[in-house]
Structure formats: structure tokens, C-alpha cells
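The structure appears below as C-alpha cells.
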Amino acid sequence: MDETYNGWRNYATWRVNLEIIDGLDLSEQGGFESITDLCIYLRDYVSDAVNGFEMEGNDLKTAYAMAFIEDVDYAEIARHLIAEKPELIA
């Protein structure tokens with residue numbers, strides 16, 4: 001069963017890249033030492049964005065959102081970003 005979505009590994013990866021990562025200006029972050037460092041930054045950024053929507057009484061919504069972003073392939077997004085801007089890796 002093919003679970004890819006619009007050329008991305010899965011729906012979660014495609015959607016997070018489209019709605020949260022796309023347009024993110026990483027030039028202010030300086031060069032990342034490795035793709036792993038970039039992945040960690042992206043995971044933290046997305047987690048902070050999702051947690052930023054948290055409001056009192058929305059614990060279930062936040063739990064579902066956090067479970068959704070666990071399926072994101074941050075390495076795929078990082079490789080995509082590096083292909084567009086190789087200078088992201090120092």
C-alpha cells in the first residue's frame with residue numbers, strides 16, 4: 001500500500017511542510033552543523049507552533065495535534081530545504 005502524499009512520505013509530512021515550514025526564513029538561524037541539527041530545530045519549531053495554539057479546555061485537540069506531528073518525517077523536510085539552500089548546513 002502506497003501511503004505517500006503529493007510526492008512526500010506521508011500526509012503529515014506534506015501538510016506540516018506546506019502549512020508550517022513553507023516560507024520559514026532559516027537564514028537568521030545561521031548554519032546548522034548537520035542535517036540532524038536542522039531536523040531537531042524543525043521538530044521543535046513545529047512542536048512550539050502546535051503548542052502555541054493550545055487554549056484552556058483544548059487538551060484533547062492538542063493531544064491529537066501532537067500525535068499528528070509525530071508522523072512527520074523531519075529528515076525529508078530538512079533534505080528538501082537543504083536542496084533549495086545548501087548554505088543551511090555549515
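A few remarks follow.
- Residue check: ASP25 meets all listed conditions (1) more than 10 Å from the chain's Cα centre (by Cα); (2) at pLDDT 90 or above; (3) assigned to a helix (DSSP H, G or I) but one, namely (3).
- Inclusion of ILE21 among residues that are within 23 Å of TYR64 (Cβ to Cβ) and in contact (Cβ under 8 Å) with a residue 40 or more places away in the chain is warranted.
- Qualifying residue in the range 50-63 (condition: at pLDDT below 95, within 12 Å of the chain's Cα centre (by Cα), closer than 23 Å to ARG9 by Cβ and in a helix (DSSP H, G or I)): yes
- Given (1) modelled with pLDDT of 95 or more; (2) in contact with a Gly (Cβ under 7 Å, 6 or more places away or on another chain), index of the condition ARG43 fails: (2)
- Members of the range 67-90 that are exposed (fewer than 14 other Cβ atoms within 10 Å of the Cβ), among the aliphatic types (A, V, I, L, M) and under 15 Å from the mean Cα position of the chain (by Cα): ALA67
The values are calculated or read from the model by the stated rules, or taken from the named source; none is laboratory data. All values derive from a computational prediction rather than experimental measurement. Neighbour counts are summed over all protein chains in view; Cβ atoms, including those assigned to glycine, are modelled from backbone coordinates with ideal geometry.
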